[in-house]
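Student: Before we start, here is the structure in question, set down as structure tokens.
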Amino acid sequence: MIRIENLEFRYAAEAPLALCLVDAQIGDGQYVALIGPNGCGKTTLAKHLNGLLTPTSGDIWVDGMNTKDSSTLRDLRRAVGMVFQNPDNQIVGMTVEEDLAFGPGNLRLPAAEIGRRVEEALRAVGLAGYEKRPTHTLSGGEKRLVAIAGVLAMRPQYLVFDEPTSFLDPAGKRRILSVIRKLNESGIGIIHITHDMDEIVESDHVLVMTEGRISMAGSPGEVMSRVEEMKAMGLGPPQVTELMWRLRQSGQDVQETVLTIDEAVKTISSLILRKSGPGGEGAHSGV
Amino acid sequence: MFHLGQYIPRPSVVHGLDPRVKILATLMLSMTILQANTAKAVVLSVFLIGGAWLSRLSWRDVGAALRPLVFFFGFLFLLHLFVTDGRPLSPSFPMVTVEGLSRGLITTWQFMALVVCAALLTMTTTPSELISGIERLLRPLRAVRISSHDLAIMVSLALRFVPMLLLEFHRLREAQLSRGADFRGGAVMERLKKISSLAGVLVIQTFQRADELAQAMEGRGYERGPRTYLRELKMGYADYTVMVLMLVFIGALYTLAF
């Protein structure tokens, strides 16, 4: 479990407060989405989770390790894997397998174990067979997956993703999101940083950040239903939420928890059916 | 971009050798080349051609390594031909001497042989194999507190980022071209100035990139000092045999008087 207690952080002594988090928790195997507008401190918080930055005051505990404690830093780095925004700046190997071997090599594992982990990590991200490919010839989406696999080879308990889908086409986005979901299903805790409301749907818990503070927390449904507040923060709700919100505004009886397209289709068709009566006119008008 | 001596995958004995053997062989050959007389030059030439044949490299592959340096070789030859004192080759051209001709030939051969020698190494060995070979050969340096692991990481990062920097440079250039910049015309100084404005941006970007890279490496548990590798180099039968044969060959060249 990751526990944040009275965290305060400034980049320099006189600088303004960059982060101010009273209390937050991320449970084992939980999928937490961290959403907020640009410059709200999401990445700064992420870098705190594996000790790349340490709090100016307050503490962060990861499975009982304090991120300030340099004697457990190695174990901390192994427990919390970080996937940065730009894969080009985190791939160190010239070939895929060499890059994946970097982390386990730092842990001084024997060659046979490194080989096992490379294979396992590649399979987990769906890139089996890419071992010998030179990293500079990969596509943007493949580079992202290699960056994820590189961290996965350390067998982390938690994975922090910093805007993992930026600059990708829709297919690439879906591929990355499905890999993240699969990793979560295999028991890895996920911290998914994003500014795209569409991407929080999969999560168990959502933290909304503004100006270095957590301004809202709850399930995806709860957060998304507060459409006006989200809009005020500059975060556009997903199309489904927006549509449901507008229906509610116009006096329709629509549940707040409708998040997916399937649910929306059901809700709207039942609305239409109720209006026109079974078999009545308009029952089959386009949804 | 760079094609000089780039790795060419072929199913050959030489490709399969331990990189340490190839590196040491290249060093020994290079030293012998620099001290060669005409007779040794002939033997070494035959040896290098044999090496290329064993590596399944064609004349064209080897030629590709030499081609960019053709003007350099020509210049070197002419320089020696004209400036060496000695007996004139023919009375009508007193500047061209017999000594000049032989000095020019042997010096030009030496440089060409060195290039071929280095190309044989890099064409049959991947950059990563080269790095791990150098890393293993330099491990004794820890006696003087130099970590071969750190050196290996530095070299491999440099190799990894060179293509990316080139790409970035082209991107920047295109971005400026599309906004009406002109890098072609003008005097040399003016062109240099324009290019240097690109270099400034590139340097800043590179530092930002390096900062992020350092954080990512730290996040993956990187520490200075010993680490382990996916493929630990291991000398096999063939490697030892080739090493011994090389030592015998080089030793023979040195001891036998031609």
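The values are calculated or read from the model by the stated rules, or taken from the named source; none is laboratory data. This one's a predicted model, so the numbers in the text were calculated from it and none came from an experiment. Cβ atoms come from the backbone with ideal geometry, glycine included; neighbour counts cover every protein chain shown.
Student: For the range B:101-137, what are the residues that are within 18 Å of the chain's Cα centre (by Cα) and under 21 Å from A:Phe102 (Cα atoms)? First the steps, then the outcome.
Tutor: Applying the first criterion (within 18 Å of the chain's Cα centre (by Cα)) to the range B:101-137 yields B:108-135, B:137.
Selection gives B:Thr125, B:Thr126, B:Pro127, B:Ser128, B:Glu129, B:Leu130, B:Ile131, B:Ser132, B:Gly133, B:Ile134, B:Glu135, B:Leu137.
Student: Would you point out which residue out of B:Val13, B:Val70, B:Val62, B:Val21 is of a type outside the set (Gly, Ala, Ser) and modelled with pLDDT of 95 or more? Give the derivation first.
Tutor: Numbers: B:Val13 fails: modelled with pLDDT of 95 or more; B:Val70 fails: modelled with pLDDT of 95 or more; B:Val62 fails: modelled with pLDDT of 95 or more.
Exactly one residue qualifies, and that residue is B:Val21.
Student: May I pose another question? Does at least one position in the range B:83-102 carry a residue that is closer than 17 Å to B:Leu120 by Cβ and touching a residue at least 60 places away in the same chain (Cβ under 8 Å)? Can you show your working first?
Tutor: We begin by selecting, within the range B:83-102, every residue closer than 17 Å to B:Leu120 by Cβ; these are none.
No, every residue in the range B:83-102 fails to be closer than 17 Å to B:Leu120 by Cβ and touching a residue at least 60 places away in the same chain (Cβ under 8 Å).
Student: Would you point out the residue of the range A:45-73, among those that are free of Cβ contacts under 8 Å to residues at least 12 places away in the same chain and within 14 Å of another protein chain (Cβ to nearest Cβ), that is farthest from A:Glu163 (Cα to Cα)? I'd like the intermediate steps shown before the answer.
Tutor: Restricting attention to the range A:45-73, the residues satisfying the condition of being free of Cβ contacts under 8 Å to residues at least 12 places away in the same chain are A:64, A:66, A:69-72.
Right, trim to within 14 Å of another protein chain (Cβ to nearest Cβ) and you get A:70-72.
Working: A:Ser70: 28, A:Ser71: 30, A:Thr72: 27 Å.
In this case the residue turns out to be A:Ser71.
Student: Could you please find all residues in the range B:199-258 being of a type in the set (Gly, Ala, Ser), free of Cβ contacts under 8 Å to residues at least 40 places away in the same chain and within 14 Å of chain A (Cβ to nearest Cβ)? Break it down stepwise before answering.
Tutor: Initial filter on the range B:199-258 (of a type in the set (Gly, Ala, Ser)): B:199-200, B:210, B:214, B:216, B:219, B:221, B:225, B:236, B:238, B:251-252, B:257.
In the following step, the residues that additionally are free of Cβ contacts under 8 Å to residues at least 40 places away in the same chain were identified as B:199-200, B:210, B:214, B:216, B:219, B:221, B:251-252, B:257.
Within the range B:199-258, B:Ala210, B:Ala214, B:Ala216, B:Gly219, B:Gly221 qualify.
Student: While we're looking at this one, here's another question. Among the residues of the range A:127-139, count how many are in a loop (DSSP other than H, G, I, E, B) and exposed (fewer than 15 other Cβ atoms within 10 Å of the Cβ).
Tutor: Of the residues in the range A:127-139, the ones in a loop (DSSP other than H, G, I, E, B) are A:127-133, A:138-139.
Next, from what is left, pick out any that are exposed (fewer than 15 other Cβ atoms within 10 Å of the Cβ): A:128-129, A:132, A:139.
Going through the range A:127-139 one residue at a time, the tally reaches 4.
Student: Looking at this structure, is B:Arg20 of a type in the set (D, E, K, R) and free of Cβ contacts under 8 Å to residues at least 60 places away in the same chain?
Tutor: Values: of a type in the set (D, E, K, R): yes; free of Cβ contacts under 8 Å to residues at least 60 places away in the same chain: no.
Criteria not met by B:Arg20.
Student: If you don't mind, another one. Any residue that is within 14 Å of chain B (Cβ to nearest Cβ) and either more than 21 Å from B:Arg224 (Cβ to Cβ) or buried (at least 20 other Cβ atoms within 10 Å of the Cβ) (or both) - is there at least one of those in the range A:29-44? Before you say what the answer is, go through the steps one by one.
Tutor: Residues of the range A:29-44 within 14 Å of chain B (Cβ to nearest Cβ): A:43-44.
Now restrict to residues that are either more than 21 Å from B:Arg224 (Cβ to Cβ) or buried (at least 20 other Cβ atoms within 10 Å of the Cβ) (or both): A:43-44.
For the range A:29-44, residues within 14 Å of chain B (Cβ to nearest Cβ) and either more than 21 Å from B:Arg224 (Cβ to Cβ) or buried (at least 20 other Cβ atoms within 10 Å of the Cβ) (or both): present.
Student: Taking into account only those residues within the range A:79-114 that are β-branched (Val, Ile, Thr) and assigned to a helix (DSSP H, G or I), which is nearest to the other protein chains (Cβ to nearest Cβ)? Even if it seems obvious, please write down each step before you answer.
Tutor: Step one: list which residues in the range A:79-114 are β-branched (Val, Ile, Thr), which gives A:80, A:83, A:91-92, A:95-96, A:114.
So of that shortlist, the ones also assigned to a helix (DSSP H, G or I) come out as A:96, A:114.
Numbers: A:Val96: 11, A:Ile114: 5 Å.
Filtering first and then ranking leaves A:Ile114.
Student: Does A:Gly129 count as facing chain B (nearest Cβ under 10 Å), out of contact with any strand residue (DSSP E or B) (no Cβ under 8 Å at 6 or more places or on another chain), over 19 Å from B:Leu159 (Cβ atoms) and of a type outside the set (Asp, Glu)?
Tutor: Numbers: facing chain B (nearest Cβ under 10 Å): no; out of contact with any strand residue (DSSP E or B) (no Cβ under 8 Å at 6 or more places or on another chain): yes; over 19 Å from B:Leu159 (Cβ atoms): yes; of a type outside the set (Asp, Glu): yes.
Here the answer is no, as A:Gly129 does not meet what is asked.
Student: Would you please name the residue that is surrounded by the fewest Cβ atoms within 10 Å (Cβ to Cβ), looking only at residues in the range B:133-152 that are over 20 Å from B:Leu121 (Cα atoms) and touching a residue at least 40 places away in the same chain (Cβ under 8 Å)?
Tutor: Among residues in the range B:133-152 that are over 20 Å from B:Leu121 (Cα atoms) and touching a residue at least 40 places away in the same chain (Cβ under 8 Å), the one surrounded by the fewest Cβ atoms within 10 Å (Cβ to Cβ) is B:Asp150.
Student: Among the residues of the range A:155-163, are any touching a Ser or Thr at 6+ places or on another chain (Cβ under 9 Å) and away from chain B (no Cβ under 13 Å)?
Tutor: Applying the first criterion (touching a Ser or Thr at 6+ places or on another chain (Cβ under 9 Å)) to the range A:155-163 yields A:161-163.
Those left that are additionally away from chain B (no Cβ under 13 Å): A:163.
Within the range A:155-163, one or more residues are touching a Ser or Thr at 6+ places or on another chain (Cβ under 9 Å) and away from chain B (no Cβ under 13 Å).
Student: With the requirement that a residue be buried (at least 23 other Cβ atoms within 10 Å of the Cβ) and either of a type in the set (A, V, I, L, M, F, W, C) or over 19 Å from the mean Cα position of the chain (by Cα) (or both), what does the range A:63-94 give you?
Tutor: Residues satisfying the conditions are A:Thr67, A:Val80, A:Met82, A:Val83, A:Phe84, A:Ile91.
Student: Hey, another quick one. Can you tell me how many residues within the range A:132-147 are within 12 Å of chain B (Cβ to nearest Cβ) and under 26 Å from B:Glu223 (Cα atoms)? Full working, then the answer.
Tutor: Initial filter on the range A:132-147 (within 12 Å of chain B (Cβ to nearest Cβ)): A:132, A:134-137, A:143, A:147.
This time we only want the ones that are under 26 Å from B:Glu223 (Cα atoms), so: A:132, A:134-136, A:143, A:147.
Adding up the residues that qualify gives 6.
Student: Another question, then. Just to be sure, is A:Glu142 assigned to a loop (DSSP other than H, G, I, E, B) and either among the acidic types (Asp, Glu) or surrounded by fewer than 17 Cβ atoms within 10 Å (Cβ to Cβ) (or both)? Let's see the steps before the verdict.
Tutor: Values: assigned to a loop (DSSP other than H, G, I, E, B): no; either among the acidic types (Asp, Glu) or surrounded by fewer than 17 Cβ atoms within 10 Å (Cβ to Cβ) (or both): yes.
Answer is no for this residue.
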